[in-house]
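> I have a structure here, written as structure tokens, and I will follow up with some questions on it.
The values are calculated or read from the model by the stated rules, or taken from the named source; none is laboratory data. Predicted model, so just to flag it, every value in this text is computed and none were measured. Here the Cβ positions follow ideal geometry from the backbone for every residue, glycine too, while neighbour counts run over all protein chains shown.
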Amino acid sequence: MPPTECLIEARWIVPVVPDGAVYENHALLVRDGRIQDLLSIPDARVRYANVERIALVHHALIPGLVNAHTHAAMTLFRGLGADQPLEIWLKDYIWPLEAAWVDRDFVRDGTRLAITEMLLSGTTCFNDMYFHPDATIEAAIAAGIRLVSGIIVLDLPTRFAQNAQEYLHKGFAIRDGYRHESRIHFTLAPHAPYTVGETTLRKVARFADELGLRVHMHVHETEREVQAFKEQHGCSPIQYLERLGLLTPGLLAVHVTTLDAADLERLARARSSVIHCPESNLKLGSGFCPVADLRAAGVQVALGTDGAASNDDLDLLGEMRSAALLAKGVTRDPSRLTARDVLRMATLDSASVLGLEEEIGSLERGKAADCVAIDLSAPATIPCYNPVAQIVYAAGRQQVSHVWIEGQLKVREGRLLDGTESTLAERVNDWRERILDRLGVDSSTPDPAPLAGRR
């Protein structure tokens, strides 16, 4: 049995709360999965002399990272359709592939791969939107990671459901089946205003209000999408959501790369949240989320990776760096979106938009012991004068050494403790061969494009 009590000693502890705090040569006491104390190492060794100690002499200890938006199972499509704009990427690559392949087995194996990648890079909670969410939930429970599962809704038929009513019926049945799992939470997840019609969105708004569920949705992803929507509906998607009663404090608007002053004011007035996915937006050429302006207006902005099919990784350390550098470049102001800001976005702010800020997101007494240790002794991260800046601007995910979720050690010395990595690789490579074989493409082809119309 794992110990119910341990003392994690670190060169630096960055608790996120209080804002800007960095404690050097401190220790975190964990008891029964929760943080009980935070104090200097000398005091801890006296006060808790008989408690097992884990000494991390070159490490920074931070809260577990929270990936506020992803499509976990899409790891199995990683790299397909590279260097294409969003519309072509979706219509010629992703949607045909999903129609052919996405069943429960695909989602289970793709999510297992995603969870492995996320744990090894310090993510302890993720907010997901995809088909067959029960398979995602089962993979998350098996791994012991936290999950916010989206009850996905579209007006388009897929292998998971044929219409909006079936999506909702299946989603609510899955929610009922896992309602007693403490690490599993739910949102309503209508895909986007351009894939879900008015009748369905009004129904989603009603369910969200009645059940107290947040709404997780792609909003204003590209300028072209927003312009086409205005031509069809006579208003922006954000105005449209406001009319339908969906622009509320419970809305998690993903991407938001195109935003005029009026829509920014609407988001701020409604106290809706935005989830920024900088690397996916860059790779798809979707644009730049005006993070600095949103934050200045009081809009809470969280951080996500999007799916690995459009990123192509699930590395929140990399997203922090990209978010910070982008904000500085877009505003031409190096003081905008500091290292401290993006660390908070990837931890407490992401937890907050998901409604989990009382449980995770910072290293505070009484909270769950979701912690990540980053070894800052590598050549790229010495000398270390400012550990937060070093984590954001210099460290890589390979420097994540230890990961705990609710006090349970999941990663030690950079390796998963469940021993599934080798068998998982075999499953993933089998999926690759099957997909390429079905498409009639030789496995040595670097980019089998385009895929639309192939069977």
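Residues are listed down the side, and each one gets a yes or a no for (1) within 24 Å of ALA302 (Cα to Cα); (2) not in a helix (DSSP H, G or I):
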| position | (1), (2) |
| --- | --- |
| HIS69 | yes, yes |
| ALA73 | yes, no |
| GLY81 | no, yes |
| TYR93 | no, no |
| LEU113 | yes, no |
| LEU119 | yes, no |
| THR136 | yes, no |
| ALA140 | yes, no |
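> Related question: Just need a number here: residues in segment 83-115 that are over 19 Å from the mean Cα position of the chain (by Cα), hydrophobic (A, V, I, L, M, F, W, C) and farther than 29 Å from LEU343 by Cα.
So the answer is 11.
> Among the residues of segment 399-434, what is the count of those that are part of a helix (DSSP H, G or I) and surrounded by 20 or more Cβ atoms within 10 Å (Cβ to Cβ)?
Residues in segment 399-434 being part of a helix (DSSP H, G or I) and surrounded by 20 or more Cβ atoms within 10 Å (Cβ to Cβ): 1 in total.
> Could you please tell me which pairs satisfy a Cβ distance under 6 Å, a separation of 6+ or placement on different chains, a first residue in segment 22-33 that is in contact (Cβ under 8 Å) with a residue 40 or more places away in the chain, and a second residue that is surrounded by 14 or more Cβ atoms within 10 Å (Cβ to Cβ) and among the small types (Gly, Ala, Ser)?
Sorted first by the residue in segment 22-33, then by its partner, the pairs are VAL30/ALA369; VAL30/GLY407; GLY33/ALA369; GLY33/GLY407.
> Give me a count of the residues in segment 9-43 that are among the hydrophobic types (A, V, I, L, M, F, W, C) and crowded, with 22+ Cβ neighbours inside 10 Å.
The total comes to 9.
> Against the condition closer than 25 Å to GLN36 by Cβ, among the hydrophobic types (A, V, I, L, M, F, W, C) and in contact with a helix residue (DSSP H, G or I) (Cβ under 6 Å, 6 or more places away or on another chain), how does VAL411 come out, does it pass?
Against the criterion (closer than 25 Å to GLN36 by Cβ, among the hydrophobic types (A, V, I, L, M, F, W, C) and in contact with a helix residue (DSSP H, G or I) (Cβ under 6 Å, 6 or more places away or on another chain)), VAL411 qualifies.
For every residue, the table says whether it meets (1) more than 17 Å from ALA309 (Cβ to Cβ); (2) in the same structural domain as ASP315 (by TED's automatic domain parsing); (3) out of contact with any strand residue (DSSP E or B) (no Cβ under 7 Å at 6 or more places or on another chain); (4) buried (at least 20 other Cβ atoms within 10 Å of the Cβ).
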| residue | (1), (2), (3), (4) |
| --- | --- |
| ALA82 | no, yes, yes, no |
| PRO85 | no, yes, yes, no |
| ASP92 | no, yes, yes, no |
| ALA100 | no, yes, yes, no |
| GLU117 | no, yes, yes, no |
| PHE126 | no, yes, no, yes |
| GLU138 | yes, yes, yes, no |
| ALA142 | yes, yes, yes, no |
| THR158 | no, yes, yes, no |
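> Can you tell me which of (1) surrounded by 21 or more Cβ atoms within 10 Å (Cβ to Cβ); (2) over 24 Å from ASN281 (Cβ atoms) is the one GLU181 doesn't meet?
Unmet condition: (1).
Rundown of residues vs (1) in a helix (DSSP H, G or I); (2) acidic (Asp, Glu); (3) out of contact with any strand residue (DSSP E or B) (no Cβ under 8 Å at 6 or more places or on another chain); (4) surrounded by fewer than 24 Cβ atoms within 10 Å (Cβ to Cβ), yes/no style:
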site	(1), (2), (3), (4)
LEU147	no, no, no, no
GLN165	yes, no, yes, yes
LEU168	yes, no, no, yes
LYS203	yes, no, yes, yes
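Rundown of residues vs (1) part of a helix (DSSP H, G or I); (2) among the aromatic types (Phe, Trp, Tyr); (3) over 18 Å from LEU241 (Cβ atoms), yes/no style:
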site	(1), (2), (3)
THR258	no, no, no
ARG266	yes, no, no
ILE275	no, no, no
GLY285	no, no, yes
PHE288	no, yes, yes
ARG295	yes, no, yes
GLY298	no, no, yes
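> Another question, if that's okay. Taking the stated definitions as given, is LEU76 modelled with pLDDT under 95, within 30 Å of GLU433 (Cα to Cα) and touching a helix residue (DSSP H, G or I) at 6+ places or on another chain (Cβ under 6 Å)?
no
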